[in-house]
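Shown next, in structure tokens, is the structure this report addresses.
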Amino acid sequence: MSGTLNKVMLIGHLGDEVKMHYFEGGGCIGRFPIATNETYTNRQTGEKVTNTEWHNIVVRNKAAEICEKYLSKGDKIYVEGRLKTRQWQGEDGNTRYSTEIQVQDFTFLSTKSESMSNAQSNTPQEQRPISGNPGTKPIENTAHVSEPEPEDDLPF
């Protein structure tokens, strides 16, 4: 295989609110951390151990605005994207690195009641989009949405 692949799929909970940064040209970036957990039982002690991994998530433009509007700390989300490592000079002169997930698609997994209790705000959240595709209209947040089948006059 001659090609390469840079793809990340995560399901986790927001560790903070979406932080937005707007640019002069009209674009914007939203950043937020999500936590994923790994739980196992220690064979020697028999106790349950949970390890949490934090991931830096970056969404752009319309997707960032959707995330800012509908997501709150604690909400569960599925993100799909690619890894990107940034490098910069710190104030102390040392080179710093940060690995981020550049989101290409996402799905909100929290229910409305979970989201509203996480948000603890007065902002109405009657409808929530379930897909990160910017062209998607808001619909009720369910894991699977199907349309009723039309009735046919066919005997089979």
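The values are calculated or read from the model by the stated rules, or taken from the named source; none is laboratory data. Keep in mind that what you see is a predicted model, and the values were worked out from it rather than measured. Virtual Cβ from ideal backbone geometry, glycine too; neighbours counted across all protein chains shown.
Data table
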quantity: Options 69, 19, 7, 73; residue that is touching a residue at least 24 places away in the same chain (Cβ under 8 Å) and under 24 Å from residue 111 (Cα atoms); calculated: 73
quantity: Number of the condition not met by residue 17 [criteria: (1) modelled with pLDDT under 95; (2) surrounded by 12 or more Cβ atoms within 10 Å (Cβ to Cβ); (3) acidic (Asp, Glu)]; calculated: (1)
quantity: The range 96-111 residues that are under 22 Å from residue 28 (Cβ atoms), paired with ones that are among the basic types (Lys, Arg) (beta carbon under 6 Å, 6 or more apart); calculated: 98/86; 100/84; 102/82; 102/84; 108/128
